[in-house]
Structures are given as C-alpha cells and as structure tokens.
Amino acid sequence: MALIGHMGAMIDQKGALVLFSGGQDSTVCLAWALERYGRVETVGFDYGQRHAIEMEARTRVRRCLAERFADWDLRLGQDHVLDMRGFGAVAESALTDDRAIEMTAKGLPSTFVPGRNLAFFVYAAALADRRGLRALIGGMCETDFSGYPDCRRDTLEAMQQALNLGMAQDFVIETPLMHMTKAETWALAKTLGGETLVEVIVEHSHTCYLGVRDVQHPWGYGCGTCPACELRVRGWEGWVQQDRRSLSL
Ligand code: ZN
C-alpha cells in the first residue's frame, strides 16, 4: 500500500536501512529516508571509535526525531549496532588510535580508514537481507569532503553490483547527499523537517573528530578547528547566508 507523505512523495513500503553514525550527514539521511520509506531501521558500527560520544549521539538523535515528528515515529524501526572492532584493529588510523590528523603520502587525510565504507556496506547488506529491507542509505558525499575514495558514487555503484551479485539480491544504495555541499545539506534538513530538524542536528548530532561536547557554537558542539568541525562551520555559515537571503526576498 502506498501512502502520501508530508512532502507529497509516495511512501515506499519496501523498507530502508540507514547507515547512521549520529553525525549531521547521517541524521539528514535518516530524515530523508523517513519521508520516503514506510519502515526505516538504522545501523551503527562499533569499530573502536575514540568516542563513545558518537554512539550516544545516535540514541539522542533517534529519540528526538521520534518525539518531535509523529509521522516519522510511526516509521522508525529498530536500531542495530554491529561490532566491527576486529576491522578497526586491522584498519588502524587516526580515528581509532592517537595519531595526529594529517595528510598522508597518498594525499588522503590520516582519518581515512581503508575499506571502511566498503566493510560497512557488506555488514549493512547482510543485516538488510535478514531484516527484509531493500534500500541501503548512506551519507557519503563527494562534493566537499576530503576526497575519500570510498565516498565516491562510482565506488558505491560497484559496491551495489557486488552485493547484488554476491547475495542474490536487488539492493539499492542511495546517497542523497552525494552531490550536495554542506550548506545544501543544511538546506535539505530545513526542507525535510523545518527549524525543528535543524535544532535537533545542532543540539544532538555529533561531528567533531576530537569528541568535544562542552563547547557550543551556533552550528553545534565541537572544537571548531578539526577538519570535521571546519567543514561543518563552513557549511553552516554558507547556509545561514543563503537562508537569510531567501527569507528577505
Ligand atoms: Zn572538532
């Protein structure tokens, strides 16, 4: 049965699994999925992150979305956290140990964990198979991120093909933020859930690589200087300017 959602879009009853880290991008992806799919489950990965903060943000964001959006509450299903610490131990990087965040000889930031997104999708697809969910949704973005090769659309198209061949499935990997700037991601959040969703993201989503939660800025909590914070600040400032301009038209 198809239902009409808030934005007039048809609600797809096939179900979706959102790769959900509790950060800004995956929160917007979760809202995007909740506008489109009749059943939306979330999956998080414990790969030995430095910060339990990321896991706590997931719980808070899910709870806030359910409390503040009645339609989304009806569609939001189970949360799953998969233990991938074995993978984290193999693919050691600045995110999982105390090395400084710097550029490597390949021109990649040391925050890049080789194969991480690929491994996430294998685990997510295995879970989606068991849960009867068809869409796999991730917040990967190739527009203004650090050039992670596993965030590129062509990588994910190859991944989708490999998963479908290897699991005899017809999964669809969806990446709604793929070609958006960070400013456009804020604008999408406002379109999907108005100021309420923007507030949930500012207050509860987590981005900072250093795990800073005790310093608050207009765009949220964080150190304000690590690469993840810098990206979030730039996006926020760009969006605020655009949003003010459009409101004054
Ligand atoms: Zn930071």
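Ranked highest first by average number of other Cβ atoms within 10 Å, how do 29-36, 170-177 line up?
Packing order, densest peptide first, comes out as 29-36, 170-177.
Computing the accessible area with a 1.4 Å probe over protein heavy atoms, can you report the carbon and sulfur percentage for the range 15-204?
With neighbouring chains kept in place, the figure for the range 15-204 is 52 percent.
Keeping every protein chain present and rolling a 1.4 Å probe, give me the accessible area per residue for the range 15-204 in Å².
Accessible area per residue, the range 15-204: 41 Å².
Quickly rank 113-124, 66-77 as a protection proxy: mean count of other C-beta atoms within 10 Å, highest first.
Per-residue mean Cβ counts within 10 Å order the peptides as 113-124, 66-77.
Give, rounded to the nearest 20 debye, the magnitude of the charge dipole that the range 132-249 has about its Cα centre when Lys and Arg contribute +1 at Cβ and Asp and Glu contribute -1 at Cβ.
The calculation lands at about 140 debye.
Give me the accessible area of Leu165, 1.4 Å probe, in Å² rounded to the nearest 10.
140 Å²
Need one number: convex hull volume per residue for the range 15-204, Cα atoms only, in Å³.
Normalising the Cα hull of the range 15-204 by residue number yields 116 Å³.
The values are calculated or read from the model by the stated rules, or taken from the named source; none is laboratory data. As the structure is a prediction and not an experimental result, all values here were calculated from the model. Cβ coordinates were reconstructed from backbone atoms using ideal geometry, including for glycine residues, and neighbour counts include every protein chain displayed. These area figures cover heavy atoms from the full protein model, side chains too; ligands, DNA and RNA do not enter into them. Shrake-Rupley method; radii C 1.70, N 1.55, O 1.52, S 1.80 Å.
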